[in-house]
Every structure is written in C-alpha cells, then in structure tokens.
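Data block below; observations after.
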Protein chains: 4
Amino acid sequence: MAPQDRFVAETAFHVRYAETDAMAIVHHASYIVYFEEGRSSYARQRGSDYARIEQSGLYLTVSEVGARYLKPARYSQQLVVRCWIEEMKSRALTFGYEIADQLTGEVLVTGFSKHICITHAGQVTKLPDEWRAWAGT
Amino acid sequence: MAPQDRFVAETAFHVRYAETDAMAIVHHASYIVYFEEGRSSYARQRGSDYARIEQSGLYLTVSEVGARYLKPARYSQQLVVRCWIEEMKSRALTFGYEIADQLTGEVLVTGFSKHICITHAGQVTKLPDEWRAWAGT
Amino acid sequence: MAPQDRFVAETAFHVRYAETDAMAIVHHASYIVYFEEGRSSYARQRGSDYARIEQSGLYLTVSEVGARYLKPARYSQQLVVRCWIEEMKSRALTFGYEIADQLTGEVLVTGFSKHICITHAGQVTKLPDEWRAWAGT
Amino acid sequence: MAPQDRFVAETAFHVRYAETDAMAIVHHASYIVYFEEGRSSYARQRGSDYARIEQSGLYLTVSEVGARYLKPARYSQQLVVRCWIEEMKSRALTFGYEIADQLTGEVLVTGFSKHICITHAGQVTKLPDEWRAWAGT
C-alpha cells in the first residue's frame, strides 16, 4: 500500500500495444519501465528533473529491483503508477511503487528499486541536495 | 507536415529513460512505438477504441512502416505525436505521423504505417464501419 | 552463484544496441528479458519448449521477479545467462539466474523469477509433468 | 531478395517472448531491433565492431528506416536476419535486410535502414575507412 505519511507521485497513462505479450497481457518487464517513469515523474512533480541531475555529472544507478504481480493489465487499460521514497541514505535511496487500475483502484503490481548515486566516472558519491531534502517528506 | 483538411490527433508524453540508447538519444525503434500509441490515441479521440475492435474479432495488422529521423530527442523531453488518416480503402488504411518537440514545435520524426484488416482466423476483411466513417474527415 | 548440484542452462548472446540506455550501459529492464530468454533456453535444452506448453492450454505466469545489479554491461559485450530451477512445487516454481561476461566470467547480474501454472481460463493448476520431472535435477 | 553479388551476413536467433504482442505474434517494432542486430553482426562478421567505431569518436546515426511485413513470426520461432550493404556513399550508407524462418526459408519481413556518419559533436563526416572498403563487396 502506498504510504500516507509522505509525498506520493501519481502518474496516469494508457497501456501501449507494444507493452503486451502473447498472453495478451502487459509483459512483466514493461512494469519495470513503468516504475522508472513513475520515479521520473516523482522528480518532476517535486520540481526537479533527473535529466538535469545527469547533466550536473551524476547518475542514479539501479542496484536492485523487485516486483510482485498480483493481477494482469491489458492493452489500452488506464493505469496509474504511484511512487514514493521508501528509504533515503546519504548515497543511496529506495523508491516504492504501486501500479493500479485508474478506474477501479485495484492494485495490480507492487515493487521497489534501490539506487546508488555515482559520478560519471563511476565513483560513489552523495545524492544531490535537492533530492536529499525529500527524506521523510 | 500534418494535413489541415482532416482530423489530426495530438498525444503528448515525456520520453522515458528506457527509450533512450547509448547515443543518449531516443532509440529509432522507440518512435515506431510512439506512432502506434499515436494511432491508439487517434481512435480514442474519435470515440472508438482499438481494444474493442479486437474484442469484436478483428485485427488491424501492420503491413508496412516507414520513418524519417530529422532530429534526435532526449530523455524527459516532452514530445507530441500527431496522427491522421493518410488513405482509407475498404480493407486497408494508411496512417501518417509527425513527432514534434512540444515546446518548440520543431518536427523531429515523420512516418507512416499501412494496415490491413483481418479476422482472428487471418482472413482479409472490411474495416469496421466506425473506422471507415473517418475517411476524408 | 549458479548451483553445482543440478542442471544449469547456459545461453550466450551479444548485447543489442536497443538494449542500452543514455548511461551507455544495458538498461536494467533488459536483464528481465534476458532472464526470460534464459528460461526459454532452459526448457529447450531439456527437450521441452514453452511454446508447446502454451499450445497445450497452460501458461506459466510470472508472480514475482527480482534482480541485483553488480556491474554494468555495454553494447556488443558477449554475455551468458545461466538459468536453473531454484524451487519446484506442484503448481509453482522459481528460476534462479546469473548473467556473466562470457570472456572474463565476471558475474554482472543475479536474479530470480517465480511462476504459477494456470490454464488459459486463469485457473491455477499443476505444472506439466515434463517440467515437474526436473525437480531436484 | 538478398543479393548474390556481395557479402550477406546471416544471424540466427530465437524469438523472445517479450518481443511478441497481444496478437501472439512478433510486434512490428521488434523487427527494427532485429535489423539493428543484423547490422551489428554484419560488422562483426567482417572483422569490425560498431562498438569500436563509436569509441573512435563516430556515430552511424539512423536517418530513415522502412519495413514490409509479409508473414508473422511467433514466440520461440527460429529466425535468420540477412543483412547487406545496399548503397555506400562517402558519408552515408544504406543497409538492406531480409528476415526469414530458419527452417522453411520463407521470407517474413524485408526492410532497409539509411545511416549518416557523424562525429560525437554532431558534425557530418566520412565513414570509417574499414567500412568504406566494403562498398561493392
């Protein structure tokens, strides 16, 4: 369940045909991309932009990802991805995700992703201040 | 250029990180998926839904696709795909596309896709009436 | 580490350009697809074929997936995905994965996927006998 | 038809599940990625490697792509992509493609891609000598 004690970004979109597979449902790897778009949108909604973070010389690499699939989604279905910060450390953070049917509210997929902040040369470094300010909010 | 004598569906979206490649630009195959989402949106904007067409026993298969790449797009850039009907026959139709930067209006990619209407058994058949009504409009 | 007490399928391939992202490394969702191709190959190497399982009326849906990213891979790099059965129940099974650089042997990504056997109508059912025979081997 | 008067690179692979769509066939955008892997393999088979070309400071950008879909392919089907040089200019080249069923030989998809050689700064420049040597061979 999306937490109620902090900012949760909601991003709505339709399932694209290319994201489905031969079972006529959304392919399980597509949700990993939905998670990613959820956190891109999280940053935008909080006044940041990951593109700008990258241009400043940092990367937020993915160190771990996990997803649980509760119910399938289908082509053209309107989904909403909810994204929040699960944990924030000085050089790493964890996002939580929940993907639900926009109309019924039913949760279809839950997941998380762990990230480490590195320079473009690959050195582990502190998260940008504008991101660290989100801790606990 | 998008035509001015008929309905043109506009669909706006942000470039997802997964859609970029090692050149740090949107991968050329991603635009083929943008075209597809453009025509999904075209149908929705005209009160139809390709999902319902499929459920009625028809498929609109892709027989040909083409794209010209004029300028690259990057992660997080806001794009708009414009989609219109280029040509309509009784059993086939052609969609035209134009993908532009949402803010500057600059056209980045143009393209088309040709489609044939078939039954789920693979037999070529007439396009659904609700789609044929779009001819010339 | 890939286990030594059971069958481990190895599948080698080059990283495709489309699988990279703007960090010039393989996008993290691409590995989920590599895992999937690893288990497709596992079935083929053991004389089965998931395509035939599906034609017989069953699906092996994905209920959970997880991946840990240790080191990035790049375009054209030759990788090997190792896949084995981590756990087998009557109606569910877990695959384990390891993706390594083919030349150096260095492990880049590890992961798992959990699956449930269902009929095309969505009813949970027993795994096919030819798959259950792989338990503990 | 693949030409008989010059080098044609053949690359065989199985269709991945993620490459299929809700029609239970390979999604049309997946073939654009197959084309790309076909030309990656073309370079490798001729003793070059596009990764090395990029490291030397050049990109071979895609300026146009086209595909004709004759017959669908399905999950696990073994395909072969044939790739050859259709036309070579000093700063641009065109690849031709043909994708066939590996067992029956039947051609499923044909296509082409046009490319322009640019520096990493975006300036149009001459193709690398090792590539230009392939003209007419």
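The values are calculated or read from the model by the stated rules, or taken from the named source; none is laboratory data. All of these numbers come straight from a predicted model, not from anything done at the bench. So basically every Cβ, Gly included, is an ideal-geometry build from the backbone, and we count neighbours across all protein chains shown.
Check whether at least one residue in region D:58-66 is within 28 Å of A:ALA22 (Cβ to Cβ), in contact with a helix residue (DSSP H, G or I) (Cβ under 6 Å, 6 or more places away or on another chain) and of a type outside the set (A, V, I, L, M, F, W, C), and report yes or no. Scanning region D:58-66, I find no residue that is within 28 Å of A:ALA22 (Cβ to Cβ), in contact with a helix residue (DSSP H, G or I) (Cβ under 6 Å, 6 or more places away or on another chain) and of a type outside the set (A, V, I, L, M, F, W, C), so the answer is no.
Every condition in (1) under 14 Å from the mean Cα position of the chain (by Cα); (2) in contact (Cβ under 8 Å) with a residue 12 or more places away in the chain is met by D:ALA29 except one, and the failing one is (2). For region D:17-45, a residue qualifies if it is assigned to a strand (DSSP E or B) and not hydrophobic (A, V, I, L, M, F, W, C), and exactly one does: D:THR20. Among the residues of region C:45-65, are any more than 30 Å from A:SER113 (Cα to Cα) and within 13 Å of the chain's Cα centre (by Cα)? Checked region C:45-65: at least one residue is more than 30 Å from A:SER113 (Cα to Cα) and within 13 Å of the chain's Cα centre (by Cα).
Test A:GLU98 against the criterion of being among the charged types (D, E, K, R), away from chain D (no Cβ under 14 Å) and touching a Ser or Thr at 6+ places or on another chain (Cβ under 9 Å), and give yes or no. Considered against the rule, which asks whether it is among the charged types (D, E, K, R), away from chain D (no Cβ under 14 Å) and touching a Ser or Thr at 6+ places or on another chain (Cβ under 9 Å), A:GLU98 comes out as yes. When D:VAL80, D:VAL26 are checked against the criterion of being hydrophobic (A, V, I, L, M, F, W, C), within 14 Å of chain A (Cβ to nearest Cβ) and closer than 29 Å to C:GLY47 by Cα, D:VAL26 stands alone in meeting it. Taking C:TYR42 as the residue in question, decide whether it is more than 22 Å from C:ALA2 (Cα to Cα), buried (at least 18 other Cβ atoms within 10 Å of the Cβ) and of a type outside the set (Asp, Glu). Answer is no for this residue. D:ARG68 - would you say it is among the charged types (D, E, K, R), away from chain A (no Cβ under 14 Å) and more than 20 Å from B:GLU64 (Cβ to Cβ)? Answer is no for this residue. Looking only at residues of region A:99-132 that are in contact with a helix residue (DSSP H, G or I) (Cβ under 9 Å, 6 or more places away or on another chain) and in a strand (DSSP E or B), we find that the one that is surrounded by the fewest Cβ atoms within 10 Å (Cβ to Cβ) is A:PHE112. Among the conditions (1) at pLDDT 95 or above; (2) in contact with a Pro (Cβ under 8 Å, 6 or more places away or on another chain), D:SER30 misses just one, which is (2). Taken together, the residues in region C:1-19 that are among the aliphatic types (A, V, I, L, M), at pLDDT 95 or above and touching a strand residue (DSSP E or B) at 6+ places or on another chain (Cβ under 9 Å) amount to 4. Would you pick out the residues in region D:41-60 that are more than 12 Å from chain C (Cβ to nearest Cβ) and more than 17 Å from D:GLU10 (Cα to Cα)? Correct list: D:SER56, D:GLY57, D:LEU58. Selection of region D:4-14 for residues being in contact (Cβ under 8 Å) with a residue 40 or more places away in the chain and more than 9 Å from every other protein chain (Cβ to nearest Cβ) yields D:ARG6, D:PHE7, D:VAL8, D:ALA9, D:GLU10, D:THR11, D:ALA12. Applying the selection to region D:46-93, what residues are on the phi < 0 side of the Ramachandran plot, surrounded by 18 or more Cβ atoms within 10 Å (Cβ to Cβ), hydroxyl-bearing (Ser, Thr, Tyr) and in a loop (DSSP other than H, G, I, E, B)? The answer is D:TYR75, and nothing else. Output yes when any residue across region C:80-101 is without any contact (Cβ under 8 Å) to a residue 12 or more places away in the chain and among the small types (Gly, Ala, Ser), and no when none is. The answer is no, given that none of the residues of region C:80-101 is without any contact (Cβ under 8 Å) to a residue 12 or more places away in the chain and among the small types (Gly, Ala, Ser). Do we find that C:GLU87 is more than 30 Å from D:TYR50 (Cα to Cα), at pLDDT 95 or above and among the acidic types (Asp, Glu) in this structure? Yes. Criterion applied to A:GLU19, A:GLU87, A:GLU37 was being touching a Ser or Thr at 6+ places or on another chain (Cβ under 7 Å), charged (D, E, K, R) and within 14 Å of chain D (Cβ to nearest Cβ), and the one residue passing it is A:GLU19. Run down B:ALA22, B:ALA18 and say which single residue is touching a helix residue (DSSP H, G or I) at 6+ places or on another chain (Cβ under 9 Å), buried (at least 22 other Cβ atoms within 10 Å of the Cβ) and more than 23 Å from D:ALA22 (Cα to Cα). Being touching a helix residue (DSSP H, G or I) at 6+ places or on another chain (Cβ under 9 Å), buried (at least 22 other Cβ atoms within 10 Å of the Cβ) and more than 23 Å from D:ALA22 (Cα to Cα) holds for just one of B:ALA22, B:ALA18, which is B:ALA22.
Suppose the filter is without any contact (Cβ under 8 Å) to a residue 24 or more places away in the chain and not charged (D, E, K, R); does D:SER40 pass it? Yes, satisfied. Quick check, is D:GLY57 under 25 Å from C:ALA24 (Cα atoms) and in contact (Cβ under 8 Å) with a residue 24 or more places away in the chain? When the stated conditions are applied, D:GLY57 passes them.
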